[in-house]
Each structure stands twice: as structure tokens, then as C-alpha cells.
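Every number here is computed from the coordinates shown, using simple stated rules; none is lab data. Owing to the predicted nature of the structure, the values given are computational and were not obtained by experimental measurement. All Cβ positions, even for glycine, are placed from backbone atoms using ideal geometry, and neighbour counts span all protein chains on display.
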Amino acid sequence: MEHIKCKKCGFYGCVKAGFIKGKQRYKCTGCLCRFLPGSPKRHSTIKRWCLLRLYTEGMCIRGIGRYLRVSHTTVIRWIRQMAEKLRPPTPTHARHIEIDELYLYVGSKKRKRWLWLAICRDTKRILASAPAAGEQKPWRN
């Protein structure tokens, strides 16, 4: 009898829990997580940098997933991981700042919202945002 170690908690009391894509699946009796034995499939670093380039060029998330042949949830997870590593923008480095206003419908046309964005013209990064509730504009004349 082989002893399978849980990937999450390291416990050796795992039992068989069916098959997924033809591979044996296990369930840990300690933490109740389900997993496949072996090392996880890793995507190349080149693929991640390609994702970053496509995302900054404005390609949609599902389109990036189709192009790189990964799921759209993987694309979202990679983008969040990369965003956590970024330092917050500092307006002192911005030479030209554009302020843009957006009129949005949230959920339905009854829920109208205004949104202000301060964008650095050089780096295309959003420096600040200011939402306003209802049809009232977020500024005063």
C-alpha cells in the first residue's frame, strides 16, 4: 500500500477519491482537501510575459486565454499575482496627468454612476479614481 502525502497539510492519511481526466484523485482525511499526486503543471515564464504584454495592449481576458491556450481564470489569477508585486503609483513621477470622466450603468440603466479617473499620460497608469453616486456629477460648477 502506497502512502500519499497531502499537498496542503503534509498529512499521510489520504484515501482514494475517484478519477479526474484518467488520473487517480486523493482526499486528505486531515484537512479534507482533494488533489492529484505529482508536481503541478507549470506554465513558462515566456507565456506569463506574453500575457502581460497582451493585457497592457488592451486585449480581453478571454481572448488572451484562447491565444495562450490557458483558461480565463488562470489569466485573471496571473494578472492579480503580477499586480500585487507592483508598487503603488506616485504622482511625483508623472509629468502629464489626464483626468477623464465616465458615465456608467451598473447592473441596469436605473443605476447610473459617474467615475473620475486620473491617468498618467506617459505610463497609462491610473493614479487615482473618484466615484460618485447617482446622476449627480462628482464635481461642482
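Observations on the structure shown:
- Using alpha carbons only: equivalent-ellipsoid semi-axes of region 91-133, gyration tensor based, whole Å: 26, 8, 7
- Per-residue Cβ neighbour counts within 10 Å put TYR67, TYR103 in the sequence TYR103, TYR67, beginning with the fewest.
- Simple label model, 7 Å out from Cα along Cβ direction - ILE46 to TYR103, nm: 4.8 nm
- For the pair ILE20 and TYR67, the difference between a 0.36 nm per residue extended length and the Cα-Cα distance amounts to 14.4 nm.
- Scattering profile of region 45-85 at q = 0.18, 0.29 Å⁻¹ [log10 I(q)/I(0), Debye over alpha-carbon scatterers]: -0.39, -1.06
- Radius 10 Å from Cβ of TRP78, net charge of other residues (Lys, Arg +1; Asp, Glu -1): +4
- Kirkwood Rh (inverse of mean 1/r, distinct Cα pairs), region 7-88, angstrom: 15.2 Å
- In a fully extended conformation the segment linking LEU36 and LYS5 would gain 10.1 nm over its present Cα-Cα distance, using 0.36 nm per residue.
- For region 97-106, the Karplus equation 6.51 cos²θ - 1.76 cosθ + 1.60, evaluated at θ = phi - 60°, returns couplings of 10, 9, 10, 10, 10, 10, 10, 10, 10, 10 Hz by residue, with Gly and Pro reported as x.
- Whole-angstrom gap from region 66-83 to region 10-26, using each part's C-alpha centre: 26 Å
- Order by protection proxy (mean Cβ within 10 Å, highest first), peptides 106-115, 75-84: 75-84, 106-115
- Every helix of 4 or more DSSP H residues in the chain counts as -39500 (n - 2.57), and over all residues that averages to -7500 deg cm²/dmol at 222 nm.
- Ordered by the number of other Cβ atoms lying within 10 Å of each residue's own Cβ, fewest first, ARG121, ARG69 fall into the sequence ARG69, ARG121.
- Taking HIS93, HIS72, HIS3 and counting other C-beta atoms within 10 Å, the order from fewest to most: HIS3, HIS93, HIS72
- Greater than 26 Å apart at Cα, pairs in LYS47/LYS85; LYS47/LYS124; LYS85/LYS112: LYS85/LYS112
- Once mean projected area of the Cα convex hull in nm² is calculated for the structure shown, the corresponding label among [x] 9.3; [y] 14.3; [z] 10.3 turns out to be [y].
- Structural descriptor for the chain: relative contact order 11 percent, calculated from alpha carbon pairs under 8 angstrom and at least 6 residues apart.
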